[in-house]
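Here is the structure we will look at.
The values are calculated or read from the model by the stated rules, or taken from the named source; none is laboratory data. No experiment lies behind these values; they were computed from the predicted model shown. Here Cβ is always computed from backbone atoms with ideal geometry, including for glycine, and neighbour counts include all displayed protein chains. Remember, those area values only see protein heavy atoms, side chains included, never the ligands or the DNA or RNA. Shrake-Rupley method; radii C 1.70, N 1.55, O 1.52, S 1.80 Å.
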Amino acid sequence: MSRERRLPLVLALAAAVVGVLAVASPRAEAELQVGFYNATCPIAEGVVFAEMHAILHEDPTLAPSLLRMHYHDCFVQGCDGSIMLRSRRGTAERDATPNRSMRGYDAIERIKARLETLCPLTVSCADIIAMAARDAVYLSKGPWYGVETGRRDGNVTVAEYAENDLAPPDSNIVDVKTFFSVKSLTAKDIVVLFGSHSIGTSHCEAFRKRLYNFTGAMDQDPSLDARYARQLRKLCPRRGGGRGRRAKVPMDPGSGFTFDLSYYRHVLATGGLFQSDGSLLHDPATRGYVERMANASSPDEYYQDFAAAMVKMGRTDVLPDSLGEVRATCGVFVD
Ligand code: HEM
């Protein structure tokens with residue numbers, strides 16, 4: 001199946017007429033479904049797609065950030081847009097360590113502002129993040145999939161929850177499975193979702209220890225390919241102060257802007273950038289999948305698996321219709 005055939009014509013048309021049509025009618029039920037806004041804001045997906053197209057044209061590096069944002073939103077109190085909320089006291093999810101490197105908040109706010117002019121108080125921030133993630137994947141030459149919508153926005157944000165619910169990059173496979181199983185995600189979901197690291201970059205902080213002081217004896221992680229480690233040491237000096245603090249490396253070298261299978265080839269050959277990536281090789285089920293995808297001649301099976309896993313992750317602890325809200329601005333201050 002070609003990628004092109006997966007982008008519904010109706011969406012392409014909707015994107016083309018953004019700003020011309022805006023139809024509002026009473027809210028449908030809050031159960032997640034593809035096309036949840038068909039009755040209340042039929043151009044919602046088209047607006048998001050058109051804005052994402054413009055946003056990524058201006059800054060292609062936001063594609064991976066917005067995909068990552070959906071994961072970080074869903075894993076912390078469910079997919080409820082709470083990652084967008086702000087705190088003057090520095091106690092919001094945004095302020096937590098794993099989110100300090102998060103980018104793309106302004107992009108979500110820009111899409112939200114556009115939607116507010118067309119369908120006021122209708123499309124939730126959590127849904128905008130989910131749609132933006134899907135569009136980011138597609139616009140990075142990845143698959144198109146039907147994204148379920150109908151999420152409500154939460155109004156609680158606690159930095160500690162993000163610290164606790166997002167696995168750190170030095171996690172082993174047992175840790176990773178624990179973090180994902182509490183969100184009802186399986187080993188297959190893990191290995192499939194990790195393929196997201198096929199696009200984007202990482203700051204050196206996330207893996208510097210592997211290069212210089214793995215066990216506390218100024219050593220290097222032996223599971224990291226020696227040649228790859230040498231390259232990483234050049235890009236990430238031992239002391240990460242000053243400009244070095246901002247240094248970044250591609251997570252899938254040579255293919256960092258294209259959503260493809262090369263992440264799996266990279267993990268198999270080098271051990272992956274993070275210990276958590278490399279951990280996929282330490283479990284028979286996840287290793288088998290890495291090997292198969294690394295040697296696959298077509299990404300079709302992976303694209304199908306990825307679509308299914310993203311839809312599943314997107315259902316994590318969504319708020320029932322009776323709870324939550326749809327607010328006009330995603331990043332309001334909660335204190
Ligand atoms: C155990 C699970 C995971 C760990 C430990 C992890 C860790 C990380 C880290 C440390 C970074 C680099 C951030 C930076 O320094 O800027 C990163 C980037 C990224 N992650 Fe993950 N991740 C995990 C799972 C996922 C999942 C499930 C997804 C998507 C569904 C995802 C998507 C991404 C993307 C696309 C980037 C690139 C961001 C950018 O370029 O701005 N990650 N991840």
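Take the residues of the stretch 225-255 that are under 21 Å from His282 (Cα atoms) and within 15 Å of the ligand (Cβ to nearest atom): which is surrounded by the fewest Cβ atoms within 10 Å (Cβ to Cβ)? Ranking the candidates gives Met251 first.
Cβ-Cβ distances below 8 Å connect the following pairs, each with a first residue in the stretch 184-210 that is free of Cβ contacts under 8 Å to residues at least 40 places away in the same chain and farther than 18 Å from Leu281 by Cβ, a second residue that is charged (D, E, K, R) and near the ligand (Cβ under 9 Å from one of its atoms), and a separation of six or more residues or different chains: Lys209/Asp170. Taking the stretch 281-335 as the range and being more than 23 Å from Val123 (Cα to Cα) and outside any helix (DSSP H, G or I) as the test, the residues that pass are Asp283, Asn295, Ala296, Ser297, Ser298, Pro299, Asp335. Does the stretch 96-119 contain any residue that is in contact with a strand residue (DSSP E or B) (Cβ under 6 Å, 6 or more places away or on another chain), touching a residue at least 24 places away in the same chain (Cβ under 8 Å) and assigned to a loop (DSSP other than H, G, I, E, B)? Within the stretch 96-119, one or more residues are in contact with a strand residue (DSSP E or B) (Cβ under 6 Å, 6 or more places away or on another chain), touching a residue at least 24 places away in the same chain (Cβ under 8 Å) and assigned to a loop (DSSP other than H, G, I, E, B). For the stretch 56-72, the condition of being crowded, with 24+ Cβ neighbours inside 10 Å, of a type outside the set (A, V, I, L, M) and under 28 Å from Ser181 (Cβ atoms) holds for at least one residue.
If you go through the stretch 284-310, how many residues are closer than 14 Å to Ser196 by Cα and among the β-branched types (Val, Ile, Thr)? So the count comes out to 1.
Scanning the stretch 92-121 for residues that are surrounded by fewer than 16 Cβ atoms within 10 Å (Cβ to Cβ), among the β-branched types (Val, Ile, Thr) and out of contact with any Pro (no Cβ under 9 Å at 6 or more places or on another chain) yields a single hit, Thr117. Identification of helices (runs of 4 or more DSSP H) wholly contained in the stretch 135-206 with 3 or more residues that are among the hydrophobic types (A, V, I, L, M, F, W, C) yields 173-181, 187-193.
Restricted to the stretch 133-177, and to residues there that are open to solvent by 30 Å² or more (accessible area, probe 1.4 Å) and more than 19 Å from the chain's Cα centre (by Cα), the residue that is nearest to the ligand (Cβ to nearest atom) is Asp175.
Looking across the stretch 178-200 at every residue that is among the polar types (S, T, N, Q) and under 14 Å from the mean Cα position of the chain (by Cα), the one that is nearest to the ligand (Cβ to nearest atom) is identified as Ser196.
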